[in-house]
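First the structure, in the form of C-alpha cells, and then the observations on it.
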Amino acid sequence: MASKFGMAGGIPERRVRPVWDAIDSRQFKNALKLSTALLSKHPNSSYALALKALILERMGKLEEALAVCMNAKDLLYKNDSLLIDDLTLSTLQIVFQRLDHLDMATSCYEYACGKFSNNLELMMGLFNCYVREYSFVKQQQIAIKMYKIAGEERFLLWAVCSIQLQVFCGNGGEKLLQLAEGLLNKHIASHSLHEPEALSVYISLLEQQAKYGVALEILSGNLGSLIMIEGDKLRIQGRLLARAGDFGGAADIFEKVLRLCPDDWECFHHYLGCLLEDDCSLSKAANSPSTQVSTSMDCQHRHLADDVFDSRITRACEFVENLSTEVGNDSIRGPGLANLEIERRKLIFGKGNADKLMENLILYFSSFGHTASFAADVEVFLQVLPGDKKKQLLEKLVKCIDSSSTSSKNVLGQHITFFKIRELIGDTFSLPDGDLVEFAVQMTEMYCQNLHLSKDLDVQESMYGEDFLSMTCNVLVQLFWHTKHVGYLLEAIMVLELGLTVRRYVWQYKILLVHLYSYWNALPLAYEWYKSLDVKNILLETVSHHIIPQMLTSPLLVDTCDLLKGYTRFMEDHFKESADLTFLAYRHRNYSKVIEFVQFKERLQRSSQYLTAKIEGSILQLKRKANSIEEVESVLESLNHGSDFLNVSSEIQSKKLTFNEDLKLRPWWTPSYDTNLLSRTYEDMSCYPKENMQNEVKQTQAKVTKGNEKRSLLPRLIYLSIQCASLSIKGTAGINGFDSKDSTELKLLLETYANFLELPFQDAVELVISVSHGQKSVEVFSSNLIDWMNFAVFLNAWNLNSHESNKDRLTFPIDWQVLWSLLEKCISAKINSTKPLLSSPGTDLSILIQLVTEPLSWHTLIIQSCVRSSLPSGKKKKKAGGSSDQSNSQLSNVIKDSISSLCSIIDQVTNWLKEQVGKPVEADVDFLLSSLQREQVDDSGPGKVVKALENLVSSVDCSEVGERISRALESWKPVDVARKIATAQGTAMDEFLNICESKKKFLQALSTKISA
C-alpha cells in the first residue's frame, strides 16, 4: 500500500513505507514500534495517529484504537493549518468502520468537504461514507454536487442510482423517478451518453415508469449503438414491445434473437409467450427489467379463439422446424426443447396429442438422454402426460436404450436418466416391495460394474454412475417407510457410506446422510457429515437448514453454539462489507449491480433463518449457563434484559421475512424442515400433487414466523420471572429495580404468550391446572408441549408476587406443587412413550431434551433467585424471631421440596438414559447387522443390496478399477458402519445424561446451601 503514497499529511513516503510493510506482513508489534517512532517525529500528524490506531485495531486493542482515532479526529478539527488528505481520512474510516463508529468517519469527511468544498477526492470519500450508511438522499445530494463541479457522466449516474434506491429500498415516491429522468434528459441534450451502462440505466428508468414507447425510440436511435452486441439489443427491444402490449412485434424480434442464439431457452419462452399472449411469461415487475420464464401448467392464453391459437402454434412449429434445419447441430438442445414446449402448450389448451409429446420426448432422449440435466429439462413435460402414457414412455425408453449404438459412457448416462425419470413420475411407489428390492439391487450392480470407467479420474472429479447410489438410497428409504424394517434404512446408509469411501467429495451423499442420521438420532454423525460439506459464504444461508433445526433441539449444546456463531458471524460480516461491493460497483460503473447489491443485503437482513439464529443463539446461552444465575444475568444484561427481542417481535409483524433456503436440495421424504414423511403412515407418492408439497412449505414458513415471535419473548420472560421471584422473598417493591410496572409487564407478556398458544390467558391457566390435577391428559398440549411448560413456569413466577385482589385472582391459582406435578406428568409421559432409539428410527427424543434444557432450567433459575434473596448477604445476619423467621422457614421448606421434586424428575430421565447407554456397543452392532439377515423361506427383506456391495469388495480387481478405488473399497466394512451408528447414538445420549447429572448435582449443592 505504501507504494501508492506520495506525501501523507506532510510525511515523506520513505518514512511511511516500513510501517505499511510491517502491517502487510502482519508483524503488528514491529509496526506499532515503527508507528510510535514515526509519531514522535510528527506529533501533530493526524495520519501518523490514524496509522497507529489501525495497528492497535489489528492487534485487538479496540479501546486504545478508538481513543487514538478520536485524538486524530480532534487534531483535524482543531488545527486549521493542518493538511487534510484522503489518505488520512480513508485510514480513519477503515478503523472507525471496524469499531462500529462509521458516523465518526462520516463526520470527518463532512468537515473536510466543508473546509475544501471543491475537492472531488474528498467528496468521493464522503459519498463512500454515505454508501456505507445507506443514506440514499445524501448520496444523491453529494453526487449531484460532484456532477455540477466536474460535469462527468459517472457522477450523474451515481445520483440517478441513488434516486432509484430511494424508490426501491427507501421511502421515496415514484415521482422521484421523473426527477432522475429529467436529469438524464438534460445531460443527454447537452452531452449525450457515452457508456452502455448509462443507456441501461436510462432504459430501466423509463421501464419503471411504463414509458415503453419512449424507451423503444431511444433504443432505435443513435444511443442504441452503445449496445454493441446485437442479440442483447434485440432482447431489450423484444421485452419492451411485449410490455407495451405489441405481442406480434415482440414475437418477430424474439425470432431474430433465436436465429442468432438458437439455444436461448429463456428467449423461446418469451417468443411463445408473445405468440400466445401468455400472462405467465410477461411479468411487469416495477423494479425488474427482465421477464420471468414460467413453466406452470395454468398458463393463460388470453382466451384465444381456436383458429387464432391454431395459426399461432402452427407458426411456432414452422419456425422451430426451420430453425432446426438452419442449425443442423445435434449438440444444441433449444430446438428439441422447443418442440416439447409446443406440444405441452397444446395439451394445456386442450388440443394436444400425448402420443406426439411422447414421440418428441423419445427423440430428445435419443440425442440428449445421456446428459446429467435431461431429467430436470423434461420434468415439466412429464407432468402433463396421463398416467398410462407415462408407463408407455418408460417402455419406449427401455427399447431406445437397448437399441442404442452409442459409447458405453453414454449408455450409462441413459440408464441413469431412465431411473431418474422413474423417480420423477413416481413409478416406484406403485411397485411391490420385491420389485423395489430388485430395482435397488440392479442400480447398485450397475454402479459396481461401471467403476472401471472412473479409473483414471482425479479424486475431485465426478465419477461415472454416482447417481445410482443416491437413487438406490431413495428406494431403500421408501422400502423402510413402507415396511418399517430398520434393515432397509441401514442399507441406505451403508450404500452412501461406501460411495463416500470411494470418493469423499459427493455432496449429494452427504446431505442424504445428514438427514438419515438425524432421523435415527445419530446426530453427532449427521453434524460431522454436515461439517465435511465445508459450507462457506452465502451457502451458509441456503444450506444451513439441513442441520440447524435438528441441532437446536439436541443435547449437543457446544456444537450448536459453534454452528450458530459461524452462521451469524458470516451474516454480520456480510452486512458490514456489502457496502464495499456497492461502492465498487459505483466505481466500476456497473450501475445495475448497485441496486442488486443493496436489495440483496436487505433481503438477507430480513432472513427468517438469520432471525431464528439470533433468537435461538441467545436462548442457547441461557440454557448453557442456567446453573449459575449470575452468569445468566450477565447474558440478559447484554440483551438489554430481553427488551431487544421484544422489539424484534414487533418488527416481525411489520416486515415480510424472507426464506432463502434452497429446499430443492432436501431429500424427497423431508421437503421442509418440520416435515418428515417417514413419521407418517405410508402413502403412494405418485398420487401426491406437488402443490401439496408447496402448501406444506408455506405452512412451515408461517409456523417459523409465528415461532420466532413466540421465542423472542423468552429472554424477557426469564428476566422478569427472576426479578419477580426475588421480590416475592424480599416482600418490598422497588428493590433491585423491580416494581409493579415490571409485574404488570410480566402479566402482559404471559397474556401474549397464551395468545400464541391460541387460548385466552384465563383459559390457558385453567388448562394448565386441569392437566396438573389429572383432569385432562398431557396430550392436550399436543406439539406445543415445551411452550406450555414454559408458560407454566413463568406463570408460577408471576403468581409468587401477584398482588391482584381476590376478585381478580386466578380461579385455580398455580403454585409450586402444581408446577412440580405438571412437570413430572409431562416428563413421565414422554419417557413412557419413547421407544428404543436403535430399533425405532424416528423416535422423537427432542421433546424430552427440551423439557430438561428449557422449562426445568428456567424453573431452576427462579429457585436460585428465591434462594439468593432469602439467604443473608455479606457478614450481616438477619435478626431472629418474629413472623419474618416463620415466613422464611416456610419458604425454605417450599424451596427444598421444589428442589427435591426437581431432583426426582431428573432422576427419572437419568435412569432411563442409563438404561439406554448401558448396553454394550457390540450388542447394538449385532442387532443392526442381524436386521440385514434375509428370511430363508422366501428370500425377502433387506440385505440384498449390501450383499451386492460385499461381492464387489471381495472381487475387486485393482488393475481394472485402479489402486485408489481398490483401496477405498477394501477399507469399507458393514460392521464399521453399524458401529458408527451405535456409537453416535450413545454419544448423543451421554451428552444428554451429562446435562441431567450436572443439573442434579447443582440442585443438591443448592439444597445443602439452604440447609447450612
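The values are calculated or read from the model by the stated rules, or taken from the named source; none is laboratory data. No experiment lies behind these values; they were computed from the predicted model shown. Neighbour counts are summed over all protein chains in view; Cβ atoms, including those assigned to glycine, are modelled from backbone coordinates with ideal geometry.
Among the candidates LEU717, LEU757, LEU750, the residue that is out of contact with any strand residue (DSSP E or B) (no Cβ under 6 Å at 6 or more places or on another chain), more than 29 Å from SER892 (Cβ to Cβ) and at pLDDT 90 or above is uniquely LEU757. Every condition in (1) under 22 Å from TYR519 (Cα atoms); (2) within 18 Å of the chain's Cα centre (by Cα) is met by GLY617 except one, and the failing one is (1). Within the option set ALA189, ALA215, being over 27 Å from PHE575 (Cβ atoms), out of contact with any strand residue (DSSP E or B) (no Cβ under 6 Å at 6 or more places or on another chain), outside the structural domain of LEU241 (by TED's automatic domain parsing) and surrounded by fewer than 17 Cβ atoms within 10 Å (Cβ to Cβ) holds for one residue only, ALA189. Kindly indicate whether ALA792 is touching a residue at least 12 places away in the same chain (Cβ under 8 Å), in a helix (DSSP H, G or I) and closer than 23 Å to LEU727 by Cα. Taking the combined requirement at face value, the residue satisfies it. Just one of (1) surrounded by 16 or more Cβ atoms within 10 Å (Cβ to Cβ); (2) under 24 Å from the mean Cα position of the chain (by Cα); (3) more than 16 Å from SER712 (Cβ to Cβ) fails for GLU633. It is (2). Condition check for LYS420 on (1) out of contact with any Lys or Arg (no Cβ under 9 Å at 6 or more places or on another chain); (2) farther than 23 Å from TYR464 by Cα; (3) in contact (Cβ under 8 Å) with a residue 12 or more places away in the chain: one failure, at (2). Considering the conditions (1) at pLDDT 95 or above; (2) outside any helix (DSSP H, G or I); (3) within 30 Å of ASP100 (Cα to Cα), VAL558 is excluded by exactly one of them, (2). Residue pairs whose Cβ atoms lie under 9 Å apart, separated by 6 or more positions or on different chains, with the first residue in the stretch 395-412 and farther than 13 Å from HIS370 by Cα and the second of a type in the set (Phe, Trp, Tyr) and modelled with pLDDT of 90 or more, are LYS396/PHE365; VAL398/PHE418. Residue check, SER592 against (1) within 25 Å of LEU512 (Cα to Cα); (2) small (Gly, Ala, Ser); (3) in contact (Cβ under 8 Å) with a residue 40 or more places away in the chain, all met but one. Which one? Result: SER592 fails condition (1) only. Does the stretch 365-381 include one or more residues that are under 20 Å from LEU347 (Cα atoms) and touching a residue at least 60 places away in the same chain (Cβ under 8 Å)? Looking for residues that are under 20 Å from LEU347 (Cα atoms) and touching a residue at least 60 places away in the same chain (Cβ under 8 Å), one finds at least one in the stretch 365-381, hence yes. Mind telling me which of the residues LEU646, LEU636 ends up being in a helix (DSSP H, G or I), modelled with pLDDT of 85 or more and either at negative phi or of a type in the set (S, T, N, Q) (or both)? It is LEU636. The sole residue among GLU691, GLU683, GLU696 that is in a loop (DSSP other than H, G, I, E, B), closer than 23 Å to ILE425 by Cβ, at pLDDT below 85 and out of contact with any Phe, Trp or Tyr (no Cβ under 7 Å at 6 or more places or on another chain) is GLU683.
One residue stands out among those in the stretch 636-655 that are over 12 Å from ASN708 (Cα atoms) and small (Gly, Ala, Ser): the one that is nearest to the chain's Cα centre (by Cα), which is SER654. All of (1) in contact with a Leu (Cβ under 6 Å, 6 or more places away or on another chain); (2) over 23 Å from VAL437 (Cα atoms); (3) without any contact (Cβ under 8 Å) to a residue 60 or more places away in the chain hold for ASN521 with one exception: (3).
Those residues that are under 17 Å from ASP278 (Cβ atoms), at pLDDT 90 or above and either of a type outside the set (A, V, I, L, M, F, W, C) or touching a Pro at 6+ places or on another chain (Cβ under 8 Å) (or both), I need them from the stretch 333-367; list them, please. Those that are under 17 Å from ASP278 (Cβ atoms), at pLDDT 90 or above and either of a type outside the set (A, V, I, L, M, F, W, C) or touching a Pro at 6+ places or on another chain (Cβ under 8 Å) (or both): GLU341, GLU343, ARG344, ARG345, LYS346.
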